[in-house]
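See structure below.
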Amino acid sequence: MQESSLNETKIQEFNENEIFSNVKVPPKLPLFIRLDGWKFRELTEKPEIKKPFDKKIAQCLVLSAKNIMKTFAPTLSYIISDEINILFTKQIPFNGRVEKINSIISGVISSSFSFNLNKILGIKHLVAFDSRVITISENDILSYLAWRQQNGWRNHNNAYAYWMLRKMGNKPSEAAKKLKGLKTKQIHDMLRERGVNLAETPQWERRGILVYKELYEKTIKGKVKVTRRKIVENWKLPIFTTSEGKNLIQEILEST
Ligand SMILES: Nc1nc2c(ncn2[C@@H]2O[C@H](COP(=O)(O)OP(=O)(O)OP(=O)(O)O)[C@@H](O)[C@H]2O)c(=O)[nH]1
Ligand SMILES: [Mg+2]
C-alpha cells in the first residue's frame, strides 16, 4: 500500500474503533481476576502427568501466581483445579483498564506456566489461560473464595470418578458419558468400593492452595528489628466457610 493512501480520517477511524480499550473497572472496588487453563483436559491426558492430580502441575500454577505476586501487588492468589484467582484490593493494575489487565496477566501466567511445565515436568507444550475480571465488594471476598472452593471440590470428585472409569477400561468418551449419568452419592459409593475415600485425598487437591504475603521480623546489622513481607504458599487450607477459614482470610486482608 502507498503511504499516501492512508489519510488522517482513516487513522482516526482506526483509533475510534479500538472500542474496548477504554473499558475500565469501577475505581476503588476490589477485584478478582480468574484465569482458567485452556484445554487442560487434553494437556493432562499426557502420559507424563499423574491422574487425577499431579503435584507438579499444581507447582507450575503456584509458580505462575507467584510471578504475578512479585510483578504486581495483589492481596492473594487462590489456586484450585486448573484455575488461578488473583485478588486486588489496593493497587489495581493498569489503572483498571480491562483489556490491559486480562491480556498482560494472562500472558505472564501462560508463559510462566509453559516455562515451568518444561522445567519441572520436561513437557514442551504452549499453554494458554483465559482471563476474566470480576468486581466484588469487600464483604463478598470470602463468599467468592468459598464458591470457587466448592466448585473445585466438585471438579475434584468428578476427576477421581473419571479416572477410575478410565482405569476400569472405559474409553475417554465412554467415561465422560457414564460420569454424566452419576449422582454425587453414586460417585462417592463407586470410588469407596474401589478403595478411594474422597474425604482423604491430599488436602490441596480438595481445597486448593493459597499464595499470600506474611509479615515477619528481620534483624538488620545485628540490632535493628524491621518488619518485612514474604510470599508464602499454604497447601493445607481449611474450608473457607469454617471459622478457621474465615480467620485466615480476615488476617490476610487486614495485613495487606
Ligand atoms: N491429570 C491431571 N489433570 C488435572 C490436574 N489439574 C487439573 N486437571 C484437569 O484439568 C481439567 C480442568 O477442567 P476444565 O477447565 O473444565 O477443562 P479444560 O479442558 O481446561 O476446558 P477449557 O477450560 O474450557 O479449555 C480437568 O479435566 C481436570 O481433571 C492435574 O494436576 N492432573
Ligand atoms: Mg480449563
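The values are calculated or read from the model by the stated rules, or taken from the named source; none is laboratory data. Everything numeric in this text was worked out from a predicted model, so none of it was measured. Note: ideal-geometry Cβ built from the backbone for every residue, glycine included; neighbour counts use all protein chains shown. What goes into the accessible areas is simple: the full protein's heavy atoms, side chains included, and nothing from ligands, DNA or RNA. Shrake-Rupley method; radii C 1.70, N 1.55, O 1.52, S 1.80 Å.
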Quiz item: Can you pull out the helices (runs of 4 or more DSSP H) entirely within segment 90-206 that have at least 1 residues that are more than 24 Å from P27 (Cα to Cα), out of contact with any strand residue (DSSP E or B) (no Cβ under 9 Å at 6 or more places or on another chain) and in contact (Cβ under 8 Å) with a residue 60 or more places away in the chain?
Solution: 98-121, 141-167, 172-180
Quiz prompt | From W163, W204, W153, W235, residue being over 20 Å from the mean Cα position of the chain (by Cα) and not basic (K, R) | solution = W163
Quiz item: Can P74 be described as surrounded by 11 or more Cβ atoms within 10 Å (Cβ to Cβ), assigned to a loop (DSSP other than H, G, I, E, B) and more than 16 Å from ligand 2 (Cβ to nearest atom)?
Solution: yes
Quiz item: Considering K55, K51, K46, which residue is open to solvent by 80 Å² or more (accessible area, probe 1.4 Å) and either on the phi < 0 side of the Ramachandran plot or within 16 Å of ligand 2 (Cβ to nearest atom) (or both)?
Solution: K55
Quiz item: Regarding R207, is this residue within 24 Å of L145 (Cβ to Cβ) and either at pLDDT 95 or above or open to solvent by less than 80 Å² (accessible area, probe 1.4 Å) (or both)?
Solution: yes
Quiz item: Of the residues that sit in segment 8-37 and are in a loop (DSSP other than H, G, I, E, B) and surrounded by 16 or more Cβ atoms within 10 Å (Cβ to Cβ), which one is nearest to the chain's Cα centre (by Cα)?
Solution: P30
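Quick grid of which residues meet (1) under 26 Å from V62 (Cα atoms); (2) open to solvent by 60 Å² or more (accessible area, probe 1.4 Å); (3) in contact with a helix residue (DSSP H, G or I) (Cβ under 6 Å, 6 or more places away or on another chain); (4) not polar (S, T, N, Q):
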| residue | (1), (2), (3), (4) |
| --- | --- |
| N151 | yes, no, no, no |
| Y162 | yes, no, yes, yes |
| K183 | no, yes, no, yes |
| R192 | no, yes, no, yes |
